[in-house]
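What follows is a single structure, written as structure tokens, with notes after it.
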Amino acid sequence: MAVTGNAALAATKQDVISALVQKELSSSSILAPTIEDVSRFAAKGAKTVSFPKAASFTVEDRASGAQATIQNLTYAVDTLTLDKVATVSWLIDDQDALESVIDVDAEYALRASRAHGVYLDQQIVAQLEAAGDATTTAGNISDAIILEMRAKILRQKADRRLLSLAISPEDEAIMLAINKFTLADQYGMAVVQSGAFGFIYGMPVYVTPELASQQFFLYEKSGIAMAFQRGPTLGERPAPEYGATSSLKTLDQKFGVKALQINLQGVGATESAMIVKDNN
């Protein structure tokens, strides 16, 4: 009589845990849905992903019989380096696991994936800060500063349909005192399912604890990109020295994050035209 045991089900268990990990990672990263995902270009063997960029043509009103001005565009590239090998490892003594009332393996896998989500947001924030074009006005977030940020990024030819505002928990309290934000009839739905907790001037607002107080960003989706060369992968090996059924587990992923649209539309050599930050 054939008996289905752990050996036969191991792959299934791995698939279930991997699905939980992917779901948890997706929900743990607040900012990932707001930026461009170019993972399709991060093929095996690639170290970087490059994004060609150029200025725009200028339309002229050519007079009859006059020669048109010959224009040319000079291309440069923004390069995303796939340099983040994010890793979390853990090992649980099987004797302690037996005495636990929870599924320790599944719980650790979920907590590891949450840590990965937080780490991804931290890398996004680092790029937003490094490449942000600062506002003129400093201080706490306010209706006036949001309008200043909006005017600046739209002047730099951002697509108003792809804008996101990211703020800290401390700034959320300030936002809730802004009438245009709290009065739903002035800006649309108060809460959306995408992770944003509201809108102001048609722009979704995201709150993340990875931002410090008085740190906030208004950015367009094309202003920053991420690429996963390898998504979250859970591996394990037996570790019988810690108990017969103990195993060492590792959850890792390889990716990169990069601000784009650098040195266009009159911004500085290291700044993105599609990212506006606070002046604090």
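The values are calculated or read from the model by the stated rules, or taken from the named source; none is laboratory data. Values in this document were obtained by computation on a predicted structure and should not be read as measured data. Every residue, glycine among them, receives a Cβ derived from its backbone with ideal geometry; neighbour counts consider all protein chains shown.
With respect to Tyr108, is the statement that it is within 18 Å of the chain's Cα centre (by Cα), within 29 Å of Ala227 (Cα to Cα) and aromatic (Phe, Trp, Tyr) true? Can you show your working first?
On the way: within 18 Å of the chain's Cα centre (by Cα): no; within 29 Å of Ala227 (Cα to Cα): yes; aromatic (Phe, Trp, Tyr): yes.
When the stated conditions are applied, Tyr108 does not pass them.
Just wondering, is there one or more residues in segment 251-259 that are under 24 Å from Arg114 (Cβ atoms), buried (at least 17 other Cβ atoms within 10 Å of the Cβ) and aliphatic (A, V, I, L, M)? Within segment 251-259, one or more residues are under 24 Å from Arg114 (Cβ atoms), buried (at least 17 other Cβ atoms within 10 Å of the Cβ) and aliphatic (A, V, I, L, M).
Checking the condition part of a strand (DSSP E or B), without any contact (Cβ under 8 Å) to a residue 12 or more places away in the chain, basic (Lys, Arg) and farther than 20 Å from Ser56 by Cβ, which residue from Arg237, Arg230 passes? Even if it seems obvious, please write down each step before you answer.
On the way: Arg230 fails: without any contact (Cβ under 8 Å) to a residue 12 or more places away in the chain.
Of Arg237, Arg230, the one residue that is part of a strand (DSSP E or B), without any contact (Cβ under 8 Å) to a residue 12 or more places away in the chain, basic (Lys, Arg) and farther than 20 Å from Ser56 by Cβ is Arg237.
As a summary of the residue check, Gly235 satisfies the conditions (1) out of contact with any Phe, Trp or Tyr (no Cβ under 6 Å at 6 or more places or on another chain); (2) modelled with pLDDT of 95 or more except for the one numbered (2).
How many residues are part of a loop (DSSP other than H, G, I, E, B) and either over 14 Å from Gly223 (Cα atoms) or of a type outside the set (A, V, I, L, M) (or both) if we restrict to segment 129-171? Full working, then the answer.
The initial filter retains those residues of segment 129-171 that are part of a loop (DSSP other than H, G, I, E, B), namely 132, 135-142, 156-159, 168.
So of that shortlist, the ones also either over 14 Å from Gly223 (Cα atoms) or of a type outside the set (A, V, I, L, M) (or both) come out as 132, 135-142, 156-157, 159, 168.
Residues flagged as part of a loop (DSSP other than H, G, I, E, B) and either over 14 Å from Gly223 (Cα atoms) or of a type outside the set (A, V, I, L, M) (or both) within segment 129-171 amount to 13.
Can you tell me which residue in segment 47-71 is nearest to Ile224 (Cα to Cα), limited to those that are modelled with pLDDT of 85 or more and small (Gly, Ala, Ser)? Once the filter is applied, the top-ranked residue is Ser50.
In the list Thr87, Thr74, which residue meets the criterion of being modelled with pLDDT under 85 and more than 24 Å from Thr34 (Cβ to Cβ)?
Details: Thr87 fails: modelled with pLDDT under 85.
That would be Thr74, the only listed residue that is modelled with pLDDT under 85 and more than 24 Å from Thr34 (Cβ to Cβ).
The number of residues in segment 260-270 that are β-branched (Val, Ile, Thr) and loosely packed, with under 15 Cβ neighbours inside 10 Å comes to 1.
Of all residues in segment 50-65, those that are in contact (Cβ under 8 Å) with a residue 60 or more places away in the chain have Cβ atoms under 7 Å from Cβ atoms of residues that are surrounded by 10 or more Cβ atoms within 10 Å (Cβ to Cβ) and of a type in the set (Asp, Glu), 6 or more apart or on another chain, in Phe51/Asp78; Lys53/Asp78. Name the residue that is surrounded by the fewest Cβ atoms within 10 Å (Cβ to Cβ), counting only residues in segment 13-42 that are modelled with pLDDT under 85 and small (Gly, Ala, Ser). Per the stated criteria, the residue is Ala19.
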